[in-house]
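Chemist: Sending over a structure as structure tokens; questions will come in a sec.
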Ligand code: SF4
């Protein structure tokens, strides 16, 4: 089984910096983060363990210091917090700030603002709460509901697939031919890179694993994008969610991850998939299947460790290709059993998953050891 990692995957600089800032602030004073700092359960659990509180409503904050997440917030929201006498630290990603400036500029220049994104998403609320009038569109039917305006100014939630955004801009231009339609592309570069890499990955994979939080918009978008190119796409939050049966008879497994997913989660999933691949080697049924289709054992270096070998298979070491029966792997030993602390083990051809909560705790304990 060949395992490939997307050329671009995992935690973006905006989320990484926000976590580092939260840890720095929390080291000197009690801190409340307003909303989810990152859409990842394990990372959030780590932050809570460090004493960082998370509240959605400014009215319920009891610490003197409050942090705005990388998703940003409206001026109205920040004023509401300051009026309570609280110290506000902004961890707003610079690329979200760019989107705020783009929307302000469009409004100042007389355009009716239209945001491509999810109406109830925290970033979209931040982009729109200060506006008197605006529209939010996500689907073609939303374009049908727009009223004609002389000038439309379109920007997007930073984590939307840019193809969707451009398609909706096209539809708005088609529908309102007499209107002036201006579009400022505010989809962030890390999102674009992950989307493009996910397409390349899905096109060459039999199975794709997308790692990310259940509430992570960009992870769900990656799942949707991969599903257009690969029939077997699975969304997991941690390695504990992987199931052996997903991989039986599979030649190529692709792995990608959303912008909230820490490196350690990607590495744990990669390790687990490799272990499952190793286990399938010992399954008579899969030996037969692999023997019929050729067999690869793959050394797939972590992208962050090596900086090479992602997506295009450059870092892969095909072994024993074209063999009718798998041979012992020379020089590329597959990993042994996972540590007991990860709570999972493989016995013969059967995947035994146990003590899942321990696995998540162990996982989270390593998430914030070295923020950058
Ligand atoms: S997804 Fe993009 S906009 Fe959002 S925090 Fe990451 S880099 Fe910034």
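The values are calculated or read from the model by the stated rules, or taken from the named source; none is laboratory data. Fair warning: this is a prediction, and the values are worked out from it, not measured in the lab. With ideal geometry, Cβ positions are generated from the backbone for all residues, glycine too; neighbour counts draw on all protein chains shown.
Chemist: Determine, yes or no, whether residue 54 is touching a residue at least 40 places away in the same chain (Cβ under 8 Å) and part of a strand (DSSP E or B).
Modeler: no
Chemist: Looking at the stretch 15-44, which of its residues are part of a helix (DSSP H, G or I) and closer than 30 Å to residue 274 by Cα?
Modeler: 15, 16, 19, 41, 42, 43, 44
Chemist: When you scan the stretch 116-130, how many residues do you find that are within 14 Å of the ligand (Cβ to nearest atom), over 20 Å from the mean Cα position of the chain (by Cα) and either surrounded by fewer than 22 Cβ atoms within 10 Å (Cβ to Cβ) or more than 20 Å from residue 58 (Cα to Cα) (or both)?
Modeler: Number satisfying all stated conditions: 0.
Chemist: Can you say whether residue 47 is part of a helix (DSSP H, G or I) and either more than 13 Å from the ligand (Cβ to nearest atom) or touching a strand residue (DSSP E or B) at 6+ places or on another chain (Cβ under 8 Å) (or both), as far as the supplied structure shows?
Modeler: yes
Chemist: Now, a different point. Output the residues belonging to the stretch 246-263 that are part of a helix (DSSP H, G or I) and in contact (Cβ under 8 Å) with a residue 40 or more places away in the chain.
Modeler: Of everything in the stretch 246-263, those that are part of a helix (DSSP H, G or I) and in contact (Cβ under 8 Å) with a residue 40 or more places away in the chain turn out to be 247, 263.
Chemist: A follow-up question, please. Looking at the stretch 225-239 only, could you name the residues that are more than 16 Å from the ligand (Cβ to nearest atom) and either in contact with a strand residue (DSSP E or B) (Cβ under 6 Å, 6 or more places away or on another chain) or at pLDDT 95 or above (or both)?
Modeler: If the condition is that a residue be more than 16 Å from the ligand (Cβ to nearest atom) and either in contact with a strand residue (DSSP E or B) (Cβ under 6 Å, 6 or more places away or on another chain) or at pLDDT 95 or above (or both), then 226, 227, 228, 229, 230, 231, 232, 233, 234, 235, 236, 239 are the ones that fit.
Chemist: Follow-up question, since we're still on this one. Residue check, residue 84 against (1) more than 24 Å from residue 239 (Cβ to Cβ); (2) within 16 Å of the ligand (Cβ to nearest atom), all met but one. Which one?
Modeler: Residue 84 satisfies every listed condition except (2).
Chemist: I would also like to ask the following. Touching a helix residue (DSSP H, G or I) at 6+ places or on another chain (Cβ under 8 Å), farther than 14 Å from residue 96 by Cβ, away from the ligand (no atom under 16 Å from the Cβ) and without any contact (Cβ under 8 Å) to a residue 60 or more places away in the chain: which single residue out of 175, 149, 182 fits that description?
Modeler: 175
Chemist: I'm trying to understand the selection: among the residues of the stretch 25-51, which are surrounded by fewer than 19 Cβ atoms within 10 Å (Cβ to Cβ) and without any contact (Cβ under 8 Å) to a residue 24 or more places away in the chain?
Modeler: Within the stretch 25-51, 27, 28, 48 qualify.
Chemist: A further question on this structure: For residue 110, are the conditions met, namely being surrounded by fewer than 19 Cβ atoms within 10 Å (Cβ to Cβ), in contact with a strand residue (DSSP E or B) (Cβ under 7 Å, 6 or more places away or on another chain) and at pLDDT 95 or above?
Modeler: yes
Chemist: If you don't mind, another one. For residue 154, which of the numbered conditions (1) touching a residue at least 40 places away in the same chain (Cβ under 8 Å); (2) assigned by TED's automatic domain parsing to the domain that holds residue 126; (3) closer than 22 Å to residue 256 by Cα fails to hold?
Modeler: Every listed condition holds for residue 154 apart from (3).
Chemist: If you don't mind, another one. Do we find a residue being farther than 21 Å from residue 117 by Cβ and more than 13 Å from the ligand (Cβ to nearest atom) anywhere in the stretch 90-103?
Modeler: For the stretch 90-103, residues farther than 21 Å from residue 117 by Cβ and more than 13 Å from the ligand (Cβ to nearest atom): absent.
Chemist: Working carefully through the options 177, 149, 82, find the one that is over 28 Å from the mean Cα position of the chain (by Cα) and in the same structural domain as residue 29 (by TED's automatic domain parsing).
Modeler: One residue alone meets the criteria, 82.
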